[in-house]
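Worksheet: one structure, shown below.
The values are calculated or read from the model by the stated rules, or taken from the named source; none is laboratory data. If you're wondering where the values come from, they're calculated on a predicted model, not measured in any experiment. No Cβ is skipped: glycine too gets one built from the backbone with ideal geometry, and neighbour counts run over all protein chains shown.
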Amino acid sequence: MDDLERLADEVERNGTVVAFTGAGISAPSGVPTFRGEGGVWERFDEGQFTYGRFRRDPAGFWEDRLELHEAMFGDGYEPNVAHDALATLGAAGYVDAIITQNTDGLHERALPANETNADEGWQNESGTDRDDETTLLELHGNAHRAVCTACGRRIDAEEAFDRVADGELPPTCDCGGTYKPDVVLFGEQLSGATLQRARTLARESDIFLAIGSSLVVEPAASLPRAASSTGATLGIVNLESTPCDDAAAVVRREDVTTALPRLQTLVLE
Ligand SMILES: [Zn+2]
């Protein structure tokens, strides 16, 4: 039995399984990264996209943000087999929650095997349930939505960007409030409630799977340890080593698009 088979064995025993995902799960879909070689910040000035700039100059912020959005998401991209494997395991009742650092919305769009309607299941809110089975917690929000900073109303980001392109700077809600991309901007605090929810999910898990995250930046760094400190089995799938490897029962230095479908097959067959 290899270590992935052992992990699958534990997942099959059907304790509470929480998956935690980072940029590495979306890289195979072609979603560009912010940092590093070829990252978005090589082409754009990171300083123009901070929460401080949004507060100071929402019109200029949105104008630049439209350009950034087109550069990042202009070509479109699709969930890959790793997203689909988690969705399938979730629909089968094996994955109870997915916590993600990503803002690309790909978990929301991923389809469990045998399901064809993308509109079923997930709701467009952070931390809501899919089929009453899988909780999706988007730690840093979702770039495909915008949120009114006054009343909290959420709209499709495409609508906000269309209005920006038509010269509505900044895009404004019916209540008079200003829309903001529904993501945690640089210099903006992660909501305490969201963070608390993530910590609770980690502590309540029997199996915590960290997938495609370097586990360096908070809160990513502390969640696996919160899980293992309360007795959870920690599994890590990441191409590079992480600071939590020493605490993990299983470490797979493997591409997510091979490890996750194999885990799915091992659990479900
Ligand atoms: Zn409003």
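Descriptive notes on the structure:
- Residue check for Arg225: assigned by TED's automatic domain parsing to the domain that holds Ala8, of a type in the set (Lys, Arg) and surrounded by 18 or more Cβ atoms within 10 Å (Cβ to Cβ): no
- Which listed residue, of Tyr94, Tyr51, is of a type in the set (Ser, Thr, Tyr) and buried (at least 16 other Cβ atoms within 10 Å of the Cβ): Tyr94
- The C-beta contact set for segment 28-51 (first residue in contact (Cβ under 8 Å) with a residue 24 or more places away in the chain and within 24 Å of Ala110 (Cα to Cα), second residue among the acidic types (Asp, Glu) and surrounded by 15 or more Cβ atoms within 10 Å (Cβ to Cβ), distance under 9 angstrom, 6+ apart or interchain) comprises Pro28/Asp255; Ser29/Asp104; Val31/Asp104.
- Taken residue by residue, segment 140-148 has at least one member that is farther than 20 Å from Gln101 by Cα and either away from the ligand (no atom under 16 Å from the Cβ) or not aromatic (Phe, Trp, Tyr) (or both).
- Qualifying residue in segment 159-170 (condition: surrounded by 13 or more Cβ atoms within 10 Å (Cβ to Cβ), within 11 Å of the ligand (Cβ to nearest atom), free of Cβ contacts under 8 Å to residues at least 40 places away in the same chain and closer than 17 Å to Ala59 by Cα): no
- Where Ala19 falls short, out of the listed (1) under 30 Å from Val267 (Cβ atoms); (2) of a type in the set (Gly, Ala, Ser); (3) modelled with pLDDT under 95: (3)
- Checklist (1) over 16 Å from the mean Cα position of the chain (by Cα); (2) over 17 Å from Arg252 (Cβ atoms) applied to Val31, failing item: (1)
- Residue in segment 175-192 that is of a type in the set (Val, Ile, Thr), under 17 Å from Gln101 (Cβ atoms) and away from the ligand (no atom under 12 Å from the Cβ) present: yes
- Leading residue by the ranking (surrounded by the fewest Cβ atoms within 10 Å (Cβ to Cβ)) among those in segment 206-221 that are among the small types (Gly, Ala, Ser) and touching a Leu at 6+ places or on another chain (Cβ under 9 Å): Ala221
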